[in-house]
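Asker: Structure below; questions to follow.
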Amino acid sequence: MLLIAACKPGTRLVQIDLYFGQSRSDGTTIGDSVVKIFIDKHVGLVFRKGFTVIQAEGKWYDDSSGITYSEESFIISCTDTMTENLSAGIDSLREKYKAAFQQSAVLRVDKEVLSISN
């Protein structure tokens, strides 16, 4: 990732991973072309230094039915210095996706990382 390569070795950064499901509660799927539009319109405004999009297949277990479900999904991953503005932008992005596509959640995982590139 270019951001890490531009950092001095030993720089403390945060890796942010956002998990977006593509299945709606009515059984329809949020298509890749719609996802691309969402990413092009919103994600770059939050992760201005760059990000990675990873196509994935999410699995989750429903306790009430005893069934493991599978859905198309994608992960946005970015490594940056965390600020209050960035954190607020990330949460706003999650809320926009949930509202636009009738999603109950967009998982956010922040983990501290250490740049070792020079």
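Rule-based calculations on the coordinates, nothing more; no lab input. A quick note: this is a predicted structure, and the numbers were derived from the prediction, not measured. Backbone-built Cβ (ideal geometry, glycine too); neighbour counts: all protein chains shown.
Asker: For segment 83-108, which residues satisfy the criterion of being over 26 Å from T28 (Cα atoms), aliphatic (A, V, I, L, M) and either in contact with a Gly (Cβ under 6 Å, 6 or more places away or on another chain) or touching a residue at least 40 places away in the same chain (Cβ under 8 Å) (or both)?
Answerer: L86
Asker: If only one of R24, R12, R48 is surrounded by fewer than 16 Cβ atoms within 10 Å (Cβ to Cβ), among the basic types (K, R) and within 15 Å of the chain's Cα centre (by Cα), which one is it?
Answerer: R48
Asker: What are the pairs with Cβ atoms under 8 angstrom where one residue, in segment 39-53, is touching a residue at least 12 places away in the same chain (Cβ under 8 Å) and under 17 Å from F74 (Cα atoms) and the other, located anywhere, is in a helix (DSSP H, G or I) and of a type in the set (K, R)? Sequence gap at least six, or different chains.
Answerer: Qualifying pairs under 8 Å: H42/K96.
Asker: Looking at segment 74-109, which of the residues that are closer than 13 Å to G21 by Cα and under 10 Å from the mean Cα position of the chain (by Cα) is surrounded by the most Cβ atoms within 10 Å (Cβ to Cβ)?
Answerer: I76
Asker: Give just the number: which of (1) touching a strand residue (DSSP E or B) at 6+ places or on another chain (Cβ under 9 Å); (2) in contact (Cβ under 8 Å) with a residue 24 or more places away in the chain; (3) charged (D, E, K, R) does E57 not satisfy?
Answerer: (2)
Asker: Just name the residue that is nearest to L13 (Cα to Cα) out of those in segment 62-73 that are among the hydroxyl-bearing types (S, T, Y) and surrounded by fewer than 17 Cβ atoms within 10 Å (Cβ to Cβ).
Answerer: My answer is S70.
Asker: What number of residues in segment 27-45 are surrounded by 14 or more Cβ atoms within 10 Å (Cβ to Cβ) and out of contact with any Ser or Thr (no Cβ under 8 Å at 6 or more places or on another chain)?
Answerer: So the answer is 5.
Asker: While we're on this one: If a residue counts only when it is under 17 Å from K111 (Cα atoms), which strands (runs of 3 or more DSSP E) contained entirely in segment 5-84 have at least 2 such residues?
Answerer: Per the criteria, 12-21, 67-80.
Asker: So which residues in segment 74-118 are among the small types (G, A, S), within 16 Å of T11 (Cα to Cα) and in contact with a Leu (Cβ under 9 Å, 6 or more places away or on another chain), if there are any at all?
Answerer: Across segment 74-118, the qualifying residue is only S115.
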